[in-house]
Every structure is written in structure tokens, then in C-alpha cells.
1. Could you list all residues from the stretch A:365-392 that are modelled with pLDDT of 80 or more and either over 21 Å from residue A:273 (Cα atoms) or among the charged types (D, E, K, R) (or both)?
2. Could you check, for the stretch A:64-74, whether at least one of its residues is in contact (Cβ under 8 Å) with a residue 40 or more places away in the chain and under 13 Å from the mean Cα position of the chain (by Cα)?
3. For residue A:184, indicate whether it is under 30 Å from residue B:299 (Cα atoms) and open to solvent by less than 30 Å² (accessible area, probe 1.4 Å).
4. On the given criteria, is residue A:211 under 26 Å from the mean Cα position of the chain (by Cα), closer than 20 Å to residue B:255 by Cα and not small (Gly, Ala, Ser)?
5. When the stretch A:405-429 is examined, which residues are found to be within 13 Å of chain B (Cβ to nearest Cβ), within 36 Å of the chain's Cα centre (by Cα) and open to solvent by less than 10 Å² (accessible area, probe 1.4 Å)?
6. For the stretch B:170-183, name all the residues that are away from chain A (no Cβ under 14 Å) and either more than 16 Å from residue B:81 (Cα to Cα) or in contact with a helix residue (DSSP H, G or I) (Cβ under 6 Å, 6 or more places away or on another chain) (or both).
7. Condition first: open to solvent by 10 Å² or more (accessible area, probe 1.4 Å) and within 11 Å of chain B (Cβ to nearest Cβ). Now tell me which residues in the stretch A:480-501 satisfy that.
8. For the stretch B:88-101, name all the residues that are out of contact with any helix residue (DSSP H, G or I) (no Cβ under 6 Å at 6 or more places or on another chain) and either over 20 Å from residue B:43 (Cβ atoms) or hydroxyl-bearing (Ser, Thr, Tyr) (or both).
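The values are calculated or read from the model by the stated rules, or taken from the named source; none is laboratory data. Since we're looking at a predicted model, the values are computed, not measured. Positions of Cβ are backbone-derived with ideal geometry, glycine not excepted, and every protein chain shown enters the neighbour counts. With ligands, DNA and RNA removed, areas are computed over all heavy atoms of the protein, side chains included. Shrake-Rupley method; radii C 1.70, N 1.55, O 1.52, S 1.80 Å.
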2 protein chains.
Amino acid sequence: MTPPEDPNRVIVFDTTLRDGEQSPGISLNTQEKLEIAQQLARLGVDVIEAGFPITSPGDFEAVQEISRTVEGPVIAGLARTHVADIDAAWNAVRDAARPRIHTFISTSDIHIQYQLQTTREDVMGQARAAVAHAKQYLDDVEFSPMDATRADVEFTAEVCKIAIDEGATTINIPDTVGYTMPHEFTAYLTKLYELVPALHDVVLSVHCHDDLGLAVANSFAGLLAGARQVECAINGIGERAGNASLEEIVMLLHTRQADIGLRTGAVTREIARTSRLVSRLTGYPVQPNKAVVGRNAFAHESGIHQDGVLKERTTYEIMEATTVGLDANSIVLGKHSGRHALQQALAQLGFDVSGQTLNTAFKRFKEIADKKKQVTAMDLEALVTDELREEIPGYQLEWFEVEASSRRPPHATVGIRGPEGEELTGSFTGDGPIDAIFHAINTATGTEVKLREFRVDAVTGGQDALGETSVVLEVAGMTGSGQGVSTDILEAAGRAYTRALSNALRQRTVAAEAELATAAVPETVRAP
Amino acid sequence: MTPPEDPNRVIVFDTTLRDGEQSPGISLNTQEKLEIAQQLARLGVDVIEAGFPITSPGDFEAVQEISRTVEGPVIAGLARTHVADIDAAWNAVRDAARPRIHTFISTSDIHIQYQLQTTREDVMGQARAAVAHAKQYLDDVEFSPMDATRADVEFTAEVCKIAIDEGATTINIPDTVGYTMPHEFTAYLTKLYELVPALHDVVLSVHCHDDLGLAVANSFAGLLAGARQVECAINGIGERAGNASLEEIVMLLHTRQADIGLRTGAVTREIARTSRLVSRLTGYPVQPNKAVVGRNAFAHESGIHQDGVLKERTTYEIMEATTVGLDANSIVLGKHSGRHALQQALAQLGFDVSGQTLNTAFKRFKEIADKKKQVTAMDLEALVTDELREEIPGYQLEWFEVEASSRRPPHATVGIRGPEGEELTGSFTGDGPIDAIFHAINTATGTEVKLREFRVDAVTGGQDALGETSVVLEVAGMTGSGQGVSTDILEAAGRAYTRALSNALRQRTVAAEAELATAAVPETVRAP
């Protein structure tokens, strides 16, 4: 990727599917990753880091599928400096219209000594070889000196020079452990520019973590120091405290553009929806006071503030909720709305739905509309995400019965349809009604399951709100996650659990197939 | 408050109970505010802004109670520049060992013109009169030019000079709408120091909001520019996107102390517990990737990171989880643990429990321990917060029966004990089992309720996790919130709902009493 024509244009590099997906308890399947990638394309990000292909067959498959399907952004695959990593990354991204390989190696002495257990010389050699190897495949190569902010800037400069010599087109400076401070990062990057004049001919990028709450500020300091790519993730997810939040960076540059002059290509109106989609599929809630996308980011509670906003909006607001797409709740359907109204509403939300899928959607819509007076855009979004996703072959919850009481332990019976259409039933007496349903499903399907995460959310407010549950569980070492939506929390929980179970079982199948496949592949392509 | 002896000592001013409590859907009663204030004292904050006494009788009562009870920190009450506000603030904080009045008026033209609908001259007059009036009562007076970062710095300087002339001991510069950027804020404060040399004789404070994700970075820029008080809130709660997170500021200064040289008096080991308490009582979840206090802030997921941490912790960790008190889960009790073990475990958690309270705690502990294999410190904390709080006179859930099924609408019957000990029952068929319980409680108590928030969380992981629910509801214009803890989600929901209902009804009583009282008070003391 060559530097953009406009010197003030900032490249938004989204790593939700790579660093974000590295968060504990997040386990997205290929279909879910594809859905997120499509939405990132609608959001107008410039680069999607789709995964780390060498790490698992599932990661490889997802990066390949995104490369083949998602139009618009550059699709990047991550790779250590190993030949096998770079080959896997290339094989995964090669079908993209604009592929990128992103390779990295640590330059901090603490990483070189303790983790890599090697020498600075070896690191230089590995960086050179990796970029050169990647360049044989494609032009767009990004190089990152990992843990750079804790590394000797002179040595890091040496390594960056080598990477640029070999043809790296983007140099990314990661604050891997979230340790730096804005003024320190500015000084670091300024020094780096001094030591490596060739940095002016490539795109300088920054990748900041939020361990001390400074990810956005450090990224911003990087942009002010000359960087023109910023690596970030939706809702700020990622390792530990996560990455810089994409939505905060984008809205900071947007809101202060008159003073700073930098701009991104992001379609800000897609921000709220992207945030909700990522939250729903990862099972990671967004706290109400999260900047830009939190439920209350635009709410005024104190009388003084409310009074001010009524007199003149800008007294207490620097952004409008509509700018980030938070007005989506204006679409409302009722129990008498027809198939055509539903189709139109879904189209407004960006979902092209027709034929059998529309029938399925309409059936579920009617069920919900019978119970809820009004069905809002956010309800529809939850339904679509929950119901219209390509159904994973596996188990389906057909029916359940629960008796719960403060006087005796709750009892659940469930009916499950199995992968071959067989009908299965199971019963269990548990500590709570949801616990009883989960165990009854285990009994019906004959699986041994470890529940890792369980979460319940209300999609919209009010007494008749839709409940949304998400489950992460483990079966025989494979992790699966699932979501369920219903006005009945027990039904939502049962649906989510059954889906998560089917997902985990599918992971096992993919892994088994991959094992068969790699048995025939030369040694160097396997994960080290 | 005079500037501390040590020029590197930063005063931590916590506004969780004032700006934090101003968040939509948060409704703390006096007992809950007191609990948070006690914990803030254990955390070692220097100043607790306990509320805005003029705004409601409940706010006044809470500030007064905290002033009378909580030892250690300065207790501040907020007041506009009106005489009535300052009188109310003084009356609320006067019993504190070290009281403070914090008064404010906007200096930005947009606020002066549209909200205050007055002139710059009038603002100067009001600031002068307010500080002078407060100084008649006490020495420790803080003044804030609201919306300062969007105001003319020369005019703001004029107003600050006046406040200092009249005896203000702290000047706080708020970025009220979360608009400024670190380099801009630095320039602003540097200019202010130039224009107001007397600022060097008082404590300069900063108060930043997180609308663009920069609250911590802007606060930090303020400290580097010379401020020695930082206003912040636990979990970063507050108006809209909230305030700077106390825990992030404290851990930033702690982690980078060798480089920056600033220090706070905070007891970092109390951070995690304070965060959990505030999250539980406000019903505001903390997202897993929240810096410092998020569930995953110290978790490593990627193979590379895990490998690094195993080889040498500091390869990927810049803080230790124990430093912020995240090791509390090491306390574990089982079903055979006795009364004494429970008392000791509670004491370790900072709860002095004996007599009847210990009996109540032990009874509930046994109920939970019968269902869960292991009861951890976090479970105990949830129980204590849920169960040992001074019981509010009102309704209590005695028993319930629920039948739920995918084949017909769920049906609930509940038994409630009323305020006079009477037994009430109610039944309802709802859209979901929780909905049915809530409506059955309405029927039993004969109240008309509007549900505003409902949330479910797992306290700890695993199949037998304790579920924690929180409810915010409205009865006849009064808001009440409540929490419930149980392994049975329906029981937890029912308990939370009944408590919230009792809280709302108590609010109504307090308001009615206050109305009687103010009828006899002169005009000027009433809320304008």
C-alpha cells in the first residue's frame, strides 16, 4: 500500500478479528467473522486484519473466506518472521483483491532475551528474511517491531531500516504492553524519524494497548507525530485491556478536524451498528459509559445539563448521536406489519433478505411482535443476527418445560432435534432453572460440557424487552459460542446453549479435517 | 485544603457519588452511598465529593450522613454560585471533620449566552459573591469555571483570579463536555498559569470527561502541566461517557512513577473491590476489556503472550494483578465451613460482622454453599452487599412458583410479606418467567410499576455460578433500585425487584417528609 495522495488522510487498520479475537472467552466461527468483516467494509475501514492464519485451521479458513468475499478494504494476515507463518498468511490472503502480509518480531531486550531466547543480530536477520520472503509473494508488506516502546530506539531503528530496505511498505510501532505515555511516544517516534529518514517514504503506523487507559491518546500522539495508519478495534477489544477503540479514534479526528486537519474514510453512521454486532457476536458487553458507543454516551441526566441541551444542544454536546448512527430506533414495526414492511425495514438496516430467509425472518418477527407491542430496529438487528445466520448443522432446541420454585430445586425437560433429525429428550433437576435446562440439554445430547461464560442482556428497555443471552462452552477441548434472543430468558438461554454446543462440535470436525489435510503437507508449512 | 508539603503528591478527588451518580439509571440510596464512601476511605482517596445537596432531600441526607460518619477524606458538597446552593452544601458538610464547599459557574460564552442567559460581568460578580459567601462558613473552598476548555482563556483567568482573591483554595478546570486534547489542555493550563500567577499558591485541579476517549490522558496532561488534584470516578462513571477513571489515573502514576515522579495516597490493593462494589450498587457493568479493573485486564489469551508470561512475567505484564487486589479469589469456603471461618473470611474482606448480622450472613452462606461447591471471596462480597445491608422496611419476597414452557405462556405465583407483616399473594401469566414474576409481585402489592433497567450478571464463572441481578424501577415518579443474588436467576430477579420496589416507596416517604419540612423554611434555601 503506498501512502495516500492526501497527506492528511489517516488509514484505519481494524484488528477486531485478530487482536480483538485474541480476547479470553471470544470464539468466533468463520460465518461470524465474515459477518463482522462485511460490516467493517460498510463502515469504510481501510484495512481488515482478518486473523493469524498459522495459529489454527479455523483462523486460516476465516482469513481465506474473508479474502475471497469481502470487497473494499485491504485484507491482512498476521505472521511471525517464520517462513511457515508467512506462507500460511499468503495462502490465506492471496485471493483478496488487495492482500497484505503483516509480519512482526520483538525488538525489546526483555522479549529477545526471555521469550525469543536469541540475540539482536538474529532478530535483524529474521526481520530481513521475513520481509524479503513476503515480498516474493506481494507488494503490500507491513512490519512491526513488537514491544517497540520498551525497546532501545536505536536498535528498533536499525531493524526498521532493514525492513524498509527489503521493501516493507508500512512500519507499525506497537506499544504491545500498553506502557507508553503520549509525550514519551511522541519523543520515541520523533527520534525514529530522525534515525530512519526512509520512514518518510512508507506509511508509519501505531498500535496501542489500553492497560493504563491511554490507548487512544497514544495513538493520537502518534498521528500528530506523523503516523498515517492507526491500528484499532471495535469497542476497544483485544489482549488484556484491549486496543485503541476504533470508534473513539474516528470520532476524535472527526470532531476536532477543524483544529487537527486529519481525516479518515470511515462512514461514521455505521459505528453504532458495528459496535452492537461485535458486542453481540463476541459476547463482550459495552459498558453504558463507554465513549461514543455506550448506551449513555449521549444521555444527559443532571437537571443542569438537560436544561442546557434544551436551550441549545451544543452547550453540553460536541457530537450528535445521529452522526454515529444512534438514531436507528426510529424504525418501529408492530404486530400488524406485513412481510413487505419487514423486508423494507431490514433493507434500511443493510440486510438484503428475500425468499426462504425472509419467510424465516417473518415467522420469528411475528412470534416476537405477538409478545412485544413495538419491534424496533435494534430488536430486528438482534433477530437477524440470531436467526438468519447460516444454520450450523448440529442440535436444535425444539421445546422445553421448566418448573421452578423457592420451595424445591428447579426441574427442566427439553426436546432436542439432533444432526440427523432424530428427536432427543432429557431431564434434569438443577440449582437454578437455567442450570437445569443446560444440564437437561447435556443429558439429551449425551455430551460432557464445561460452561465458560454465560451472559444475559436486554436488547431494548421496558417490561417486554427482548432478552439476549450468550454462552461460551467447551466440549472435549473445543470452544463454541452461541447467542439466543427471546422475550423468555429461559428460551433464549436454551437456544444459545444449543448453538454454542453445535459450534463447538463443528470446531472439532474442522480440526479433525485439518489434521488429515496437513498430514500430506511438507514440514515447513506446519505451525512451529 | 493547603497544597501538600510534597510537591509531587497528587490529591485524588473522587466524584463517584456526585458526577458518577448523575449517570442515567443510577439511583443510590443513602445507605448505599455510605457504603461506597466507606470503601473510598479504605481506598485512601483524599477528597470525596459526596453529592449536590440542593438538588434533592435524598442528596442532602446522603452528604450529611457521609459527613457525620466517614473518617479520613475531606467531604465536599457541590453548589452553584447561588446563596441557597452554598447554604445547603454547608449544612450538609458542616459535621465533617474536614468539610469542603465546591462552587461553580460557567465561563464559556456558549453557556453564558444560552444557558445562564446573562453577561460576563454577572458571571464575575456571581463567582466573587459565591466564594466570599462560602468562606464565611469554612476555609476549604473549591471553585470551578465550568466548560473552561471551550471558554476564552483570558476571561476564565479573570474569573479564577477573583475566586483566588476571595479565598478559594482549589481552582478546578473542568473539560465539561470532554472536548479538549492533551496538547491543547497543556497549552491552556500553561497560559492560565501565566495569566494568574496566584494559581501557584493554591491547588490547581483538573476534571475531564471521556467523550472522545481522552479523559485519563487529558487529566495526566493537566498533572504534567502543574495540577496537583485530579477529579475522577470509580469505573469512570459520570455524565455521558463519564469521568476519568480513578483506577486508571492511580495505576498510571503508580506504574510510571520512576519516570514521572508523581504519587497518590491511594491504597492500590483496594481498587478491584471498590470497582466491584460500585458496579454492583450502580448496576453499571464493567466491560471485560476495561483497563485495570476489567475481568480480562490481566488475562493473556494468545499463545505467544502466554508463552512469554510463563518464561518471564514482565514480557507482557507491566502491573501485577495483586497490586490492584485482584487476588481476592484466594479465599475459598466450602459447605462444611463454620460460623467462625465465615466471620474470619468476612473480616479479611473488611467487613466486621457479628451477632445477629453474622447469623443472617451464615444462614445465607449455608444456602449458597449447599448449592455451590466452593464459595469464593467474590461470592461472599456479593452476598454481604446483597444481604447485610440495613434492611429497608417494605416488601419481602417469601416464596415463588414458576411454570415456564415453550408450549404456553409462563405462569408465576409469589408470596410477599408486606411492611406491616401481612401476607400477600399474586399470580400472573407473562411473556417470560421473569416478566411473570415481576407482574405477580405488582399484583400482590397492588402497585403500578414502570421497569427501567434489568440486568443479570454471573458473579463468578462456572456452571454453579451465583447470578446477580439488578433492577431499576419507577413507582409514582420515584425511582428505586435493588440487587439480588442467588444460584437461581428467578429468585435473584424476584429479590432484586422487591427490594427496588421498597426503595422507590421509601423515596416517596422521604420526599413527602422533606416537603413538609421545607414549607417552614425561607424562600432562598429552596432549590431554584
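1. A:366
2. no
3. Numbers: under 30 Å from residue B:299 (Cα atoms): yes; open to solvent by less than 30 Å² (accessible area, probe 1.4 Å): no.
It is false that residue A:184 is under 30 Å from residue B:299 (Cα atoms) and open to solvent by less than 30 Å² (accessible area, probe 1.4 Å).
4. On the way: under 26 Å from the mean Cα position of the chain (by Cα): yes; closer than 20 Å to residue B:255 by Cα: yes; not small (Gly, Ala, Ser): yes.
Yes, satisfied.
5. A:412, A:414, A:415, A:416
6. The first filter runs over the stretch B:170-183 and keeps only residues away from chain A (no Cβ under 14 Å), leaving B:170-173.
Of everything in the stretch B:170-183, those that are away from chain A (no Cβ under 14 Å) and either more than 16 Å from residue B:81 (Cα to Cα) or in contact with a helix residue (DSSP H, G or I) (Cβ under 6 Å, 6 or more places away or on another chain) (or both) turn out to be B:171, B:173.
7. Within the stretch A:480-501, A:487, A:489, A:491, A:495 qualify.
8. If we filter the stretch B:88-101 for residues that are out of contact with any helix residue (DSSP H, G or I) (no Cβ under 6 Å at 6 or more places or on another chain), which is where we start, we get B:91, B:94, B:97-98, B:100.
Within the stretch B:88-101, B:91, B:94 meet the criteria.
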